[in-house]
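Worksheet: one structure, shown below.
The values are calculated or read from the model by the stated rules, or taken from the named source; none is laboratory data. In this text the structure is predicted, and so the values were computed from the model without any measurement. Note that each Cβ is placed from the backbone with ideal geometry, even for glycine, and that neighbours are counted across all protein chains shown.
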């Protein structure tokens, strides 16, 4: 596939309809890439913030119009833009494809020059104020090279879409609407339902119990903080793909409850979870990467982190990731560095030689 | 409560029976605190590794014996130690309290000088090789000041237990066995079941679908990697507290499925999850802490991280945590620093003044 990430844009003007988290992040990420951008939103406050952030300009006949809206708002918005800018090319970024696009098609609104896409990125907080230029960096971005009838998308529109995706640092992945909807039901909509239902069980919990919560409960329920109206719409519009998964989950839950009630082993349920968990690829949707983790205990005094990274630089190793474990209120620390196995060995030898407290890599 | 974290130990010798993740981490964490430690395990390989790591000594009549074992192994092990060391004081760290302790009591084995405790710490990987001296740092550690009959624990034994807990950097929390078991059913056992069942649904997923997995699915299923035999035992021994929670979850899942099937809104389920999620206290079980997050884009060249931390040191700010977002294979980066609001402002001004690419704090 052509790499457009550094190339000049194949169009000169872009109107982004919808100035929430996704729309504003797209706008921010395309600043300085040689195109004029107009931000729009039905909420004047969001529109003003997004226009300031993105240095929005008023456009006449924008070449490309990108809808960053909940699916339910798409038909109305598309109708308005078609009336104003019939010569534009259209792109959407909705979380579900088949049903919303069929809804638009049924109103005879879906133009030939419409590219359906979906960036696999988001945050559990929304709005223009949460937008980040790097939101899509290293993420997957699904696009549909053909429409629901199987007709290929106009090549110029496709090039514009691929340019936007790659300019934002994302990796384009071609899928049909049906494949996409089945996939997101499993990797996005099912985890959302499960996290929400789990977090829902906490509402009757005593605070002395919740005070014992560790990282397990926190990680398992992180996405339960997501917006209810947005997710209500997403789950409803993909109910056809989601329901069989929920029914399978119901069946497994019922079998586990019965086993526990009868004093039978539930190890097979945990093992099935082990297998499923191992099938998830590594960070950011790329292939699973195996890092070696090198724990280093640093002293609670200024400049220790800087000194540690000076050592990393002089050992010429690549730090892929790191975590800090610290006590509340101040920095005292166990730093765990993630590196390739060979770099971990080089760095470990180097640090031990310089008197650092390095623990065994794992 | 007395703070024993820096005090001398109120005993001189400790035998740790069980050299897995928890036992070995306790041993590692108590090195250099002025007590003699003996590590033991029924698995000779684990015992050898733990003895090397902890610099274990052979003890005659250890004052305190700590059992770091699955509950099912406790009665047999306790019987053996009572025969050998009838004058010792005993401590356990089992994940469930009521049923395992009743099982021991029924065999007329539970000695008067027995302190039941449970550290709220762990990892999804096990064994002596995963042990960390800092595993309990800033975590909660539950202890039962009275036995199942309500008789108070011997004050010398209680002092020994509280010293161990605080010497390891944990915070002791007094609870009855029943309160503890009800609490962990909600904050630990229920999330484990939910994560395992969710991950179990992935086993029939297509790899093109799993390639779209983002941080939501990864976080929600992280603990699904936990050991099946260990968790089978934990869930079975706390079935009485866990089952009502599972049945409530079943009921909510059933109602959500019905709503989706009937085209009704499921927003109330997501909202209930929002409420539950907001009830979880902050990192490490302490009070929720509000950090300000300062994103800094750094260049892909050696020494940038070191230079950034040099700036932090010269601005005299405390970095509480940080994350790195990077592209596969090499370091290119968005560093997000977590600081107090005032430190974030100081650092942001400082970095902008020195030409760094600082984004708006959030």
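Some points to look at:
- Some residue of the range A:346-361 being over 30 Å from residue A:191 (Cα atoms), modelled with pLDDT under 85 and assigned to a strand (DSSP E or B): yes
- Any hit, the range A:111-126, residues being surrounded by fewer than 18 Cβ atoms within 10 Å (Cβ to Cβ) and without any contact (Cβ under 8 Å) to a residue 12 or more places away in the chain: no
- Just one residue in the set B:10, B:44, B:70, B:62 is touching a residue at least 24 places away in the same chain (Cβ under 8 Å) and more than 22 Å from residue B:156 (Cβ to Cβ); that residue is B:70.
- Put simply, of B:139, B:132 the only residue that is in contact with a helix residue (DSSP H, G or I) (Cβ under 9 Å, 6 or more places away or on another chain) and closer than 19 Å to residue A:211 by Cβ is B:139.
- Restricting the range B:156-179 to residues that are part of a helix (DSSP H, G or I) and under 22 Å from residue A:208 (Cα atoms) leaves a set whose member that is nearest to the chain's Cα centre (by Cα) is B:165.
- Qualifying residue in the range A:191-199 (condition: surrounded by fewer than 21 Cβ atoms within 10 Å (Cβ to Cβ) and either within 30 Å of residue B:175 (Cα to Cα) or under 21 Å from the mean Cα position of the chain (by Cα) (or both)): no
- Hey, residue A:117 closer than 16 Å to residue A:25 by Cα, touching a strand residue (DSSP E or B) at 6+ places or on another chain (Cβ under 8 Å), in the same structural domain as residue A:67 (by TED's automatic domain parsing) and at pLDDT 95 or above or not: yes
- Verdict on residue A:76 being without any contact (Cβ under 8 Å) to a residue 40 or more places away in the chain and in a loop (DSSP other than H, G, I, E, B): no
- Condition check for residue A:250: more than 30 Å from residue B:139 (Cα to Cα) and more than 8 Å from chain B (Cβ to nearest Cβ): no
- Positions within the range B:264-273 being within 7 Å of another protein chain (Cβ to nearest Cβ) and either farther than 26 Å from residue A:233 by Cβ or surrounded by fewer than 21 Cβ atoms within 10 Å (Cβ to Cβ) (or both), in sequence order: B:265, B:267, B:271, B:272
- Selection of the range A:304-327 for residues being facing chain B (nearest Cβ under 9 Å), assigned to a loop (DSSP other than H, G, I, E, B) and either modelled with pLDDT under 75 or within 30 Å of residue B:213 (Cβ to Cβ) (or both) yields A:318, A:319, A:320, A:326, A:327.
- Test result for residue B:170, within 7 Å of another protein chain (Cβ to nearest Cβ) and under 28 Å from residue B:245 (Cβ atoms): no
- Residues (assigned to a loop (DSSP other than H, G, I, E, B) and modelled with pLDDT of 75 or more) located in the range B:264-302: B:264, B:265, B:266, B:279, B:280, B:281, B:291
- Of the candidates B:210, B:243, B:253, the single residue that is free of Cβ contacts under 8 Å to residues at least 12 places away in the same chain and over 30 Å from residue A:96 (Cα atoms) is B:243.
- Those residues of the range A:137-164 which are within 14 Å of chain B (Cβ to nearest Cβ) and over 30 Å from residue A:243 (Cβ atoms), in sequence order: A:137, A:138
- Residues (surrounded by 18 or more Cβ atoms within 10 Å (Cβ to Cβ), assigned to a loop (DSSP other than H, G, I, E, B) and in contact with a strand residue (DSSP E or B) (Cβ under 7 Å, 6 or more places away or on another chain)) located in the range A:133-146: A:134, A:136, A:137, A:139, A:144
- Test: residue A:258 is at pLDDT below 85 and either surrounded by fewer than 16 Cβ atoms within 10 Å (Cβ to Cβ) or at positive phi (or both): no
- Subset of the range B:346-359 [touching a strand residue (DSSP E or B) at 6+ places or on another chain (Cβ under 9 Å) and in contact (Cβ under 8 Å) with a residue 40 or more places away in the chain]: B:347, B:348, B:351, B:356, B:357, B:358, B:359
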